[in-house]
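These notes are about the structure you will find just below.
The values are calculated or read from the model by the stated rules, or taken from the named source; none is laboratory data. Just so it is clear, the model here is predicted, and its values are computed rather than measured. Note that each Cβ is placed from the backbone with ideal geometry, even for glycine, and that neighbours are counted across all protein chains shown.
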């Protein structure tokens, strides 16, 4: 019997487990670094000051203690305090200011990808537009972001300190188009639909006057959803660079600077945020796959 | 464009990307505070200088040295793992296939750049560089390549294809190496490897650029005495935003980006199925 359920179940399990596993991995990595974690984090601390710091930061009883303390306070919304980025500041407060912009950037970019996938499926994108998107999509996000921030700084808002909607919109457009994100989605959807459309059952359905999409959608939906999810996951990564270059005050900058300043509560909180988004997408994909598979396998009425 | 032309373009492009690294200076020329501005290629051949009087040729050479090795290693990792994924789909081992699926889904669910940034942080200072980043990136990209290769192998017929070829008298080695890898998986593997090659180069440029923007953090992908191609783009940005005479830096940066894209396109074209 074909084990169709393996992948969706694996995805569901991963979706639930990843937000717990990844912070555990990071905690393990802190202790895996050469030297003592306390010395690595605060090389100048000595004597009583060092002992107090180690106790305050839960570095005294190994990675599992550090992880369990972090998880138990995280559940109540307390992500700890920043160690070096903004020493003493609550990580939840730092994160709160960045989450909104990152989510807007990611969701807006994702919306463009979804729209591209839908319009391709219903054949509303002319070939000249596809070629244009492919051409622009060849450029890496870095180059487009530099051009965008130059235009923004010179012509729109030369003294930008706060993030504006214009920056977010520009970032979302770059996120969707650069690095072949949108063109890859369009080509991928085209290929899936064309391949499936050549099958005999579709040809027969067309002869009966039915629409191609209506017939192929149940069979192709899992593949299409998988493609879009993989694309959205790439957007999540690309958003970090785009945020930094376009000076969008999002979670990406917190992650990069926090990682390099060894501000591990900040790094764990930022990573947790990204992994939760990935888990939500994974769960959506698994649920859609299971629903489609159950629907396809449901016996017609009147058949035992 | 014929395959031979595409292959020739690929080889020439790779030579331009990789060879300058062998002649790269150990250290970049020190910044010259007395220099008034950048000079173009005509005033300071062959490629001009940056705003501090440093030859852009040195940037190109050092950048080439920084990216060449790691990007090729990353491409190779993706190619090998992709080939493994495709070949596994032609075996009858459902248990092994399940294990690979689970591993692939786990790695594939992680946001790549987030993992890479954490890996960079965890490494000791003396190990830091582009190679560990490239390897981490390749390992996270590999599940997608394995999936695609497995899908191509499944469309062939998987283990039934192997049995049919065995019935025709071909040896297993010939079937796997020539018929499956050589004839059918080759276009997929080359495309995945080429895309990873380009991604690592652009990733290096992006991370270097981000380090340059944050003046209080050290370089992520190379030593502080080196400059990569991001330095050329950083200089070129001044032309766009501040109207400084560094248009040639911007042009050179865009040429390097275009060269990477041309190399990728040409090798994909040369490696396509007949």
Self-check item: Complete set of residues in region A:20-51 that are outside any helix (DSSP H, G or I) and either more than 9 Å from chain B (Cβ to nearest Cβ) or surrounded by 15 or more Cβ atoms within 10 Å (Cβ to Cβ) (or both)
Solution: A:33, A:36, A:42, A:43, A:44, A:45, A:46
Practice problem: Name, by its number, the condition in (1) out of contact with any helix residue (DSSP H, G or I) (no Cβ under 8 Å at 6 or more places or on another chain); (2) within 9 Å of chain A (Cβ to nearest Cβ); (3) within 30 Å of residue B:124 (Cβ to Cβ) that does not hold for residue B:224. | Solution: (2)
Quiz item: Taking into account only those residues within region B:74-98 that are surrounded by fewer than 18 Cβ atoms within 10 Å (Cβ to Cβ) and at pLDDT 80 or above, which is farthest from the chain's Cα centre (by Cα)?
Solution: B:84
Exercise. For residues that are on the phi < 0 side of the Ramachandran plot and not in a helix (DSSP H, G or I), scanning just region A:118-141, find the one that is farthest from the other protein chains (Cβ to nearest Cβ).
Key: A:124
Exercise. Looking at (1) within 30 Å of residue A:288 (Cα to Cα); (2) crowded, with 16+ Cβ neighbours inside 10 Å, find the lone condition where residue A:54 falls short.
Key: (1)
Quiz prompt | helices (runs of 4 or more DSSP H) contained entirely in region B:90-194, each with at least 1 residues that are touching a residue at least 60 places away in the same chain (Cβ under 8 Å) | solution = B:112-122, B:130-156, B:159-167
Exercise. Could you identify the single residue in A:107, A:144 that is within 22 Å of the chain's Cα centre (by Cα) and within 12 Å of chain B (Cβ to nearest Cβ)?
Key: A:144
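Which of the helices (runs of 4 or more DSSP H) contained wholly in region A:190-296 include at least 3 residues that are buried (at least 16 other Cβ atoms within 10 Å of the Cβ) and in contact (Cβ under 8 Å) with a residue 24 or more places away in the chain? Break it down into steps so the answer makes sense when it comes.
Values: elements: A:200-207, A:212-245, A:251-260.
Correct list: A:212-245, A:251-260.
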Quiz item: Taking the stated definitions as given, is residue B:68 surrounded by 24 or more Cβ atoms within 10 Å (Cβ to Cβ), more than 13 Å from chain A (Cβ to nearest Cβ) and under 17 Å from residue B:208 (Cα atoms)?
Solution: no
Quiz item: Has region A:2-19 got any residue that is within 12 Å of chain B (Cβ to nearest Cβ), assigned to a loop (DSSP other than H, G, I, E, B), out of contact with any strand residue (DSSP E or B) (no Cβ under 9 Å at 6 or more places or on another chain) and free of Cβ contacts under 8 Å to residues at least 12 places away in the same chain?
Solution: yes
